[in-house]
Amino acid sequence: MALFATGARKALKDPDPWHGFCRYVSSLCAMQTSDRGFSDVLTMTFPSVLRFEAARREAYEAFSELMRKAQAAGELRDDFVAEDLIILLMASAGVVAATGNAAPRSALA
């Protein structure tokens, strides 16, 4: 989760919000490829693990800001919401699960 938050903060520093957004989403998909449990962790909560949940909140807030910047730049659809990232990652997880053993680098392309 710390990598998730760090990546979101780094993407926010990109002067081109669309580039930062795309690079961040690509990095999340790469994390899914290298760690098959990553998607599961993103959809779970751990209320008693305060540092983990703080990193989750930080990542969500940074991604939300990145998303708004990409929308304000006219590069991301106005109807995209932060929760859509989970759907996107679920789709990527499906690709990884279906092709991971046969084509382990397929999600990195």
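The values are calculated or read from the model by the stated rules, or taken from the named source; none is laboratory data. The shown structure was predicted, so the numbers you read here are calculated from the model rather than taken from an experiment. Virtual Cβ from ideal backbone geometry, glycine too; neighbours counted across all protein chains shown. Each accessible area value is taken on the protein alone, full model and side chains, heavy atoms only, with ligands, DNA and RNA left out. Shrake-Rupley method; radii C 1.70, N 1.55, O 1.52, S 1.80 Å.
What to note about this one:
- Of all the residues in the range 1-39, those that are open to solvent by 50 Å² or more (accessible area, probe 1.4 Å), closer than 17 Å to Met90 by Cβ and within 12 Å of the chain's Cα centre (by Cα) number 1.
- Every residue from the range 49-82 that is surrounded by 16 or more Cβ atoms within 10 Å (Cβ to Cβ) and part of a loop (DSSP other than H, G, I, E, B): Leu76
- Inter-residue pairs, beta-carbon under 7 Å, first closer than 18 Å to Lys13 by Cβ and of a type outside the set (A, V, I, L, M, F, W, C) and in the range 51-79, second open to solvent by 40 Å² or more (accessible area, probe 1.4 Å) and assigned to a helix (DSSP H, G or I), 6+ apart: Glu75/Trp18
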